[in-house]
Amino acid sequence: EKDYENAIKYYSEALELNPDNAIYYGNRSLAYLRTECYGYALADATLALELDKNYIKGYYRRATSNMAMGKFKAALKDYETVVKVRPNDKDAKLKYQECSKIVKQKAFERAIASDELKRSVVDSLDIESMTIEDDYSGPKLEEGGKVTLKFMKEMMSWFKEQKKLHRKCAYQILVQVKELLSKLPSLVEITLKETEKITICGDTHGQYYDLLNIFELNGLPSETNPYLFNGDFVDRGSFSVEVILTLFGFKLLFPDCFYLLRGNHETDNMNQMYGFEGEVKAKYTAQMFELFSEVFQWLPLAQSINGKVLVMHGGLFSEDGVTLDDLRKIDRNRQPPDSGPMCDLLWSDPQALDGRSVSKRGVSCQFGPDVTKRFLEQNQLDYIIRSHEMKSEGYEVTHNGQCITVFSAPNYCDQMGNKGAYIHLRGSDLKPEFHQFTAV
């Protein structure tokens, strides 16, 4: 029934009664994979294989977990085992070929990487000489590549009909947004006046029609209707290009009241595995994906509102003592490292128990209510807002009201049946108001 949370609960109970059953571990591993708990999925698949080294599904699940975490060499070894035992399994063969291709590509990239600073794609573009063909009847930017509200409305309806924006316009948007983002600090700090409100949205994951629905329900972005989109704009959904170009367009139109923060999916590794790279290459070119990758590296990592609320995609840190000043100092123009504050901001998750534990995702950590409380006290904050996890109601309030999760991709991956939500915050009291919506 795709109720993976309950599946996990019951497999755990079964394992307490029968801890030597490899299949229970294998099946719980699948449920963890479906809920994106890749670290837990890996541990279960490994336990299954310790109990039964001939359990072929265990190798397959372990490979899938490693693949999801970007550990391609480890994944390849297990896929190889599966293909040897089941040479006629089409799915396993496909996964093996895909993984093998990535391992070779990574090796090639390492071989050609030099110490020289990589030239930006922008330097090799000649946008001026790109011509817009006469038979293109879609939206065009004003003279000098200027984004207007008229252009944004035309582009949104053009995308709604599943038509493609001309590559010249797409490049113009990307080049301008890169320049704009590169001037921003890693920690953006804004102040809402008493009467002002802002709308905070969580993951949108390429669900373009749900993004349009948010604007339908809550009004288009404007100087009096500011928005903050909290990362994971792309991957998973089929319309990531449309989502990201729409968000970038609004950033150019309203640079001081439309905010975007980086998510763990605005990174090369994730884009390679979860669809965005393939989508950009199919709709445009490999060169355009490289430019997207450059732009993503300049997205800010966190935002503070009235010095009292801190917003980030993932969550808090693997160690105590991190200050807002540390966040201001992060050199963000890169792919995220495997550990440290930048990694945590994009990847960590809250947990119910005090303290910290190993991440269910295999990256960063999980942090308890005591960790949240100490961080907020040290930095004189009231609470944090984060995204990064699908919630069946679209949002969740934990850690005694000090940690709020908001997720704005309803019926995630077309199968989870969850609601989406966004939050209103007003300058007068900064009390979160939740608004739920369902998938369109």
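Bear in mind that the values in this text are calculations on the coordinates, not laboratory data. On a predicted model such as this, the values are computed, not experimentally measured, just so you know. So basically every Cβ, Gly included, is an ideal-geometry build from the backbone, and we count neighbours across all protein chains shown.
Laid out as a table, the results:
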{"quantity": "Antiparallel bridges, percent of DSSP beta bridges restricted to the chain (to nearest 5)", "calculated": "55"}
{"quantity": "Rg in Å to one decimal, and Dmax rounded to a whole Å, for the range 1-135 via C-alpha atoms", "calculated": "21.0, 70"}
{"quantity": "Alpha-carbon centroid distance for the pair the range 77-109 / the range 297-369, whole angstrom", "calculated": "33"}
{"quantity": "Label-point gap, in nm, between Asn306 and Lys183 - each point 7 angstrom along Cα→Cβ", "calculated": "2.8"}
{"quantity": "Sparsely packed chymotrypsin sites (Phe, Trp or Tyr not before Pro) within the range 57-109, loop by DSSP, other Cβ within 10 Å at most 15", "calculated": "none"}
{"quantity": "For the range 1-92, size of Cβ-based charge dipole, Lys and Arg +1, Asp and Glu -1, in debye", "calculated": "480"}
{"quantity": "Long-range tail of P(r) for the range 88-210 (Cα pairs > 20 Å, %)", "calculated": "70"}
{"quantity": "Point-to-point label distance, Lys193-Arg86, nm (Cα→Cβ direction, 7 Å offset)", "calculated": "6.3"}
{"quantity": "Hydrodynamic radius by Kirkwood, which averages 1/r over all alpha carbon pairs of the range 352-440, in angstrom", "calculated": "14.3"}
{"quantity": "Surrounding net charge for Gln436, when Lys and Arg each add one and Asp and Glu each subtract one, Cβ distance under 14 Å", "calculated": "-2"}
{"quantity": "The range 395-440 shape via C-alpha gyration tensor axes, a/c threshold 1.5", "calculated": "oblate"}
{"quantity": "Separation of alpha-carbon centers, the range 125-150 and the range 37-57, rounded to whole Å", "calculated": "53"}
{"quantity": "When the convex hull of its Cα atoms is projected in every direction, mean area for the range 281-411 (nm²)", "calculated": "9.3"}
{"quantity": "Rounded FRET efficiency, nearest 0.05, which uses the C-beta distance separating Arg110 from Met130 and R0 of 35 Å", "calculated": "0.60"}
{"quantity": "The chain, relative contact order [Cα under 8 Å, separation at least 6], %", "calculated": "13"}
{"quantity": "Calculated FRET value between Gln378 and Cys413, using beta carbons and R₀ = 41 Å, to 0.05", "calculated": "0.65"}
{"quantity": "Relative contact order %, the range 325-440, counting alpha carbon pairs below 8 Å whose residues are six or more apart", "calculated": "15"}
{"quantity": "Global geometry of the range 26-88, whether rounded, prolate or oblate, following the gyration tensor of its Cα atoms and the 1.5 cut on a/c", "calculated": "oblate"}
{"quantity": "Estimated FRET transfer efficiency when R0 is 51 angstrom, pair Thr323-Lys101 (beta carbons, to 0.05)", "calculated": "0.75"}
{"quantity": "Computed magnitude of the charge dipole of the chain (debye, nearest 20; Cβ of K, R +1, Cβ of D, E -1)", "calculated": "920"}
{"quantity": "Percentage relative contact order, the range 171-275, counting C-alpha pairs under 8 Å, at least six apart", "calculated": "30"}
{"quantity": "Cα gyration tensor category, rounded, prolate or oblate, for the range 150-275 with a/c compared to 1.5", "calculated": "rounded"}
